[in-house]
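Step one of this worksheet: look at the structure below.
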Amino acid sequence: MDVDAQVSLARMYQEGDLVPKNASWSFHWSLQAARQGHVASQVRVANAYFEPQHPDDSAIGDSSLSSSSSSSLSQNHFGKPDNARAAEWYREAALNGEPSAQNRLGWLYDNGKGVIRDDTEAMKWFTRAAEQGYSVAQFNLGCMYEQGRDGSGRSSSNSSSSSNDTEQYNAHAKERMKHWFTLSAQQGFALGQVSLGDLYAYGINPTDDATAVSWYRRAANQLNAKGQYKLSLMLYYGRGVDQNYESSARWCRWAAEAGNADSQVLYGVMHALGHGVAQDDSKAVEWCRRAADQGHAVGQFNMGSAYDLGQGVDQDDMEALRWYMKSATQEYGFAQFAVGSLFELGGSGGQGIERSMDEAAFWYGKAIQQKDGPWEAKPHWDIMCSDERRALKTDAELVSWYVQQAEQGNAAAQYNVGLMHEKALLGVPKNVFQAIEWYDKAAKQGHDASGERQKFLSRVHSFQVGDEQVMQVH
């Protein structure tokens, strides 16, 4: 049968044009046309088999080809998708020069879906599509250079290379990354615009915040949630644009409502601080919970902090520990410190967290290992490892020793004495103002956790010490 007739029949069964809709017959005629070398049909057959890792991942390209209708065709005809067969048909179309198929085939090699993961093959197919001006492939190619996966077998962390070679490699990779992100962004691909903005904001020295903002804004105006979040962040901190909490909050809300977890955390922090929105601890918790429920480590930490402090929720050390643990197991240093702190002194009000020097030392040690972990983890770890501290048994001995260390200027001990007063731990009577005074002493030595607790308690109890920031942004 003539290939054009096969294509027409496939379309008619797909759309129900003059014949009843029938996905199986539509696929049948697409397959016949594909076997005769009809490129668009080869792509359509491949799409029917294709199952992306993330159905909404724009880096796959041609979202219309991986739409619900293609997914439905796949389920109706095969029972389940099959990326190996998708790769076979994408390869046929890719060899015929179809850029969307070349990009999809590169994506399969990039992610090891239906084929063995192979950076060299991924680069080959992304490059072929990118050189035809396919913006999604240009973005993917930029990402490969950004990740040091250009198929050369070298990376910025390759210890076998000399420092000179590594610097040359990094410079070359950054140049190629910028080249491909720029081409993708100039064609209006939103993720390319965001990545190019990131490069100007964080990846060059000196940075060019104004140019970063312009690219973030272009992506944001396309309703891209990542672009909206990045623009919101620049407005929030006043980078490349005048600081404007209200404008930042508007962009952040749109991204947060679209499900962007980073934005949900930031929007929660805005409510906690009253930046651009009315101060509202309950709403702060609501938005951080949305991010936490998506597995966002900072959102989980913020939920732990809320329960730890009683910020927007009833104070509950066990619930705080549950959320801190979720974040800590994702190697978030601030959460690891918080877990260590709960084990160092135990839970308040008989909440079931028993003191454990070994657990505390373990989690403080984990926090120390994090590149951007909290400074205060080290002095707390030192206390947990000291023979003097380990010799103490009774609550009275512990309180006396911590107070002595605090009076001698030990910031970790000052923080712990503050906790004793805040939460009525180890038999110490609850005294919020005593807690604030001890937190102030520790904070002046750079103990950030003390500063956070001090500022929150000061706001709640109308004891003004400055602009507070308890929850983390990122």
Selection from the range 162-207 of residues part of a loop (DSSP other than H, G, I, E, B) and either crowded, with 17+ Cβ neighbours inside 10 Å or among the charged types (D, E, K, R) (or both) yields Phe189
Among residues of the range 402-424 being surrounded by fewer than 24 Cβ atoms within 10 Å (Cβ to Cβ) and touching a Ser or Thr at 6+ places or on another chain (Cβ under 8 Å), the residue modelled with the highest pLDDT is Ala411
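Given the structure, is Pro379 in contact with a His (Cβ under 9 Å, 6 or more places away or on another chain) and over 21 Å from Gly310 (Cα atoms)?
yes
Can you find a residue in the range 302-322 that is aromatic (Phe, Trp, Tyr), modelled with pLDDT of 95 or more and buried (at least 24 other Cβ atoms within 10 Å of the Cβ)?
Within the range 302-322, none of the residues are aromatic (Phe, Trp, Tyr), modelled with pLDDT of 95 or more and buried (at least 24 other Cβ atoms within 10 Å of the Cβ).
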Those residues of the range 401-427 which are touching a residue at least 60 places away in the same chain (Cβ under 8 Å) and small (Gly, Ala, Ser) amount to Ala424
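For the range 246-341, please list each of the helices (runs of 4 or more DSSP H) lying entirely inside it that holds at least 2 residues being more than 20 Å from Arg355 (Cα to Cα) and among the hydroxyl-bearing types (Ser, Thr, Tyr).
Answer list for the range 246-341: 261-273.
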Taking the range 360-369 and keeping residues under 13 Å from Ala328 (Cα atoms) and surrounded by 16 or more Cβ atoms within 10 Å (Cβ to Cβ) leaves Ala360, Phe362, Trp363, Tyr364, Gly365, Lys366, Ala367, Ile368
In the range 89-148, anything touching a residue at least 60 places away in the same chain (Cβ under 8 Å), part of a loop (DSSP other than H, G, I, E, B) and either in contact with a Lys or Arg (Cβ under 7 Å, 6 or more places away or on another chain) or crowded, with 20+ Cβ neighbours inside 10 Å (or both) is listed as Tyr134
Scanning the range 388-437 residue by residue, those touching a Lys or Arg at 6+ places or on another chain (Cβ under 6 Å) and within 16 Å of Glu452 (Cα to Cα) turn out to be Gln414
Practice item. State yes or no: is Leu398 more than 30 Å from Gln294 (Cα to Cα), in contact (Cβ under 8 Å) with a residue 40 or more places away in the chain and buried (at least 16 other Cβ atoms within 10 Å of the Cβ)? Key: no
Scanning the range 362-377 residue by residue, those closer than 13 Å to Asp448 by Cα and assigned to a helix (DSSP H, G or I) turn out to be Ala377
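The values are calculated or read from the model by the stated rules, or taken from the named source; none is laboratory data. The structure presented is a predicted model; accordingly, all values stated were derived computationally and were not measured. With ideal geometry, Cβ positions are generated from the backbone for all residues, glycine too; neighbour counts draw on all protein chains shown.
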